[in-house]
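Student: Shown below is the structure under consideration.
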Amino acid sequence: MADNDQGLPTAGEVVDITTTGRKSGEARRIEIRIHVLDGRLYLTGRPGTPRSWLANMAANPEMTLHMKQSIVRDVPSTATVITDMDERRRVFALMLQREERMSHVDVDVWAATAPLAELTPV
């Protein structure tokens with residue numbers, strides 16, 4: 001649900017993202033759940049499996065966030081893949097602390113192997 005002044009999603013909202021394929025150059029759209037922590041937008045997934053969306057963001061950070069629940073809106077954004085281990089631990093610890101559906105998270109395992117990117121609307 002978007003309930004902030006910027007009309008951006010709140011934690012737990014399911015969104016679509018469109019990235020540019022790093023090899024094909026074609027638009028790639030997927031559905032994913034967004035995490036909102038202290039007003040910042042994050043995308044992640046379960047550890048252990050490489051994600052094309054993350055590789056696409058690393059190659060071309062310009063992407064689109066497609067909101068499709070309480071507000072329907074496309075938000076041009078820039079993605080930053082988070083690689084710093086201290087920052088990764090901090091973000092996953094916040095997810096564990098604040099989001100009930102993330103109660104299964106082992107912060108060290110997720111920090112070491114899960115995909116993680118921050119989205120910044122432009």
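Student: Distances over 15 Å make up what percent of all Cα-Cα pairs in the stretch 7-73? Each step should come with its number before you reach the end.
Tutor: Details: 1190 of 2211 pairs.
In whole percent, the long-distance tail amounts to 54.
Student: OK, next. Separation of the stretch 28-53 and the stretch 90-122 by C-alpha centroid, Å?
Tutor: 9 Å
Student: Please rank 35, 66, fewest neighbouring Cβ atoms within 10 Å first, as an exposure proxy. Write down the numbers at each step before the final one.
Tutor: Values: 35 25, 66 15.
Ascending number of Cβ neighbours within 10 Å: 66, 35.
Student: Another question, then. How much length would be gained if the chain were fully extended between residue 73 and residue 29, taking 0.36 nm per residue of separation minus their Cα-Cα distance, in nm to one decimal?
Tutor: On the way: separation 44, 0.36 × 44 = 15.84 nm, distance 1.48 nm.
Extra length available between residue 73 and residue 29 comes to 14.4 nm.
Student: Also, I was wondering about something else. Would you mind classifying the chain by shape? Square roots of the alpha carbon gyration tensor eigenvalues, ordered a ≥ b ≥ c; an a/c under 1.5 is rounded, otherwise it is prolate if a/b is larger than b/c and oblate if not.
Tutor: Details: a/c = 1.81, a/b = 1.10, b/c = 1.64.
Oblate, because a/c is 1.5 or more while a/b does not exceed b/c.
Student: Per-residue HN-Hα couplings for the stretch 51-59, Karplus 6.51 cos²θ - 1.76 cosθ + 1.60 at θ = phi - 60°, whole Hz, x for Gly and Pro?
Tutor: 10, 4, 4, 6, 5, 4, 5, 5, 7
Student: Only residues of the stretch 22-46 count here: report those whose backbone N is under 13 Å from the spot 7 Å along Cα→Cβ of residue 66, or say none.
Tutor: 27-32
Student: Can you compute the modelled spin-label distance between residue 112 and residue 85, with each label point 7 Å from Cα toward Cβ, in nm?
Tutor: 1.0 nm
Student: How large is ³J(HN,Hα), in whole Hz, for each residue of the stretch 67-78 in order, when computed from phi with the Karplus curve 6.51 cos²θ - 1.76 cosθ + 1.60 and θ = phi - 60°, using x for Gly and Pro?
Tutor: Working through the residues one at a time gives 7, 9, 10, 5, 10, 9, 6, 9, 10, x, 9, 10 Hz.
Student: Could you list 116, 37, 43 in order of exposure, starting from the residue whose Cβ has the fewest other Cβ atoms within 10 Å? Walk me through the numbers on the way to the answer.
Tutor: Working: 116 21, 37 16, 43 25.
Ranking 116, 37, 43 by Cβ neighbours within 10 Å, fewest first, gives 37, 116, 43.
Any read-out appearing in this document is the output of simple, stated calculations on the displayed coordinates, not a laboratory observation. Given the structure is predicted, the values throughout are model-derived calculations rather than measurements. Glycine also receives a Cβ, built like all others from the backbone with ideal geometry; neighbour counts cover every protein chain displayed.
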